[in-house]
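Worksheet: the structure to be examined is printed underneath.
The values are calculated or read from the model by the stated rules, or taken from the named source; none is laboratory data. None of the values given here were measured: they were computed from a predicted structure. Here Cβ is always computed from backbone atoms with ideal geometry, including for glycine, and neighbour counts include all displayed protein chains. Keep in mind that these areas ignore ligands, DNA and RNA; they rest on the heavy atoms of the full protein, side chains included. Shrake-Rupley method; radii C 1.70, N 1.55, O 1.52, S 1.80 Å.
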Amino acid sequence: MTHPIHDPTVQIVNEAITLMDQFLRDRIDMDVYRRELSAFDVDSLLEAYIEDFKKDAGMVYYLDALMLLSSLQHQLDFQVAEYGASVASEDMKCLRELMAKFPKP
């Protein structure tokens, strides 16, 4: 049995990867990307499971994926200004790698 954080995290990560792909392919502009990225409820998941993250080392990949998305939400303008829009490509790669390490249901 997987942890209750599994399904909502997988859903958010999959949606974020799709969003990043649309952005990189110029199917959406920066304003839409920013708005849809900020709509993901990442911080409440982080808050809800903070004690579990502290106690269960097996949750590290969930934590890493959510922290990456939270960082993007809060620093998107800086990251794009500093590294360019292609930074989304590296973020997609990292999210896919982390998701591959999530415990299987």
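Check residue 34 against each of (1) in contact (Cβ under 8 Å) with a residue 40 or more places away in the chain; (2) farther than 24 Å from residue 3 by Cα; (3) open to solvent by less than 80 Å² (accessible area, probe 1.4 Å) and name the one condition it does not meet.
Exception for residue 34: condition (3).
Tell me which residues, restricted to segment 3-28, are aliphatic (A, V, I, L, M) and within 18 Å of residue 97 (Cα to Cα).
First pass over segment 3-28, keeping only residues aliphatic (A, V, I, L, M): 5, 10, 12-13, 16-17, 19-20, 24, 28.
Selection gives 5, 10, 12, 13, 16, 17, 19, 20.
Scan segment 46-92 for residues that are out of contact with any Phe, Trp or Tyr (no Cβ under 7 Å at 6 or more places or on another chain), of a type outside the set (Asp, Glu) and over 27 Å from residue 29 (Cβ atoms) and report the count.
Residues that pass the stated criteria total 10.
Looking only at segment 6-13, decide whether some residue is hydroxyl-bearing (Ser, Thr, Tyr), over 15 Å from residue 95 (Cβ atoms) and crowded, with 16+ Cβ neighbours inside 10 Å.
No - not one qualifying residue is present in segment 6-13.
Hey, among 92, 67, which residue is in a helix (DSSP H, G or I) and open to solvent by 90 Å² or more (accessible area, probe 1.4 Å)?
Details: 92 fails: open to solvent by 90 Å² or more (accessible area, probe 1.4 Å).
Answer to the check: 67.
Residues that are over 15 Å from the mean Cα position of the chain (by Cα), at least 3 per element: which helices (runs of 4 or more DSSP H) completely within segment 7-63 meet that?
Values: elements: 30-39, 42-48, 50-55.
Per the criteria, 30-39, 50-55.
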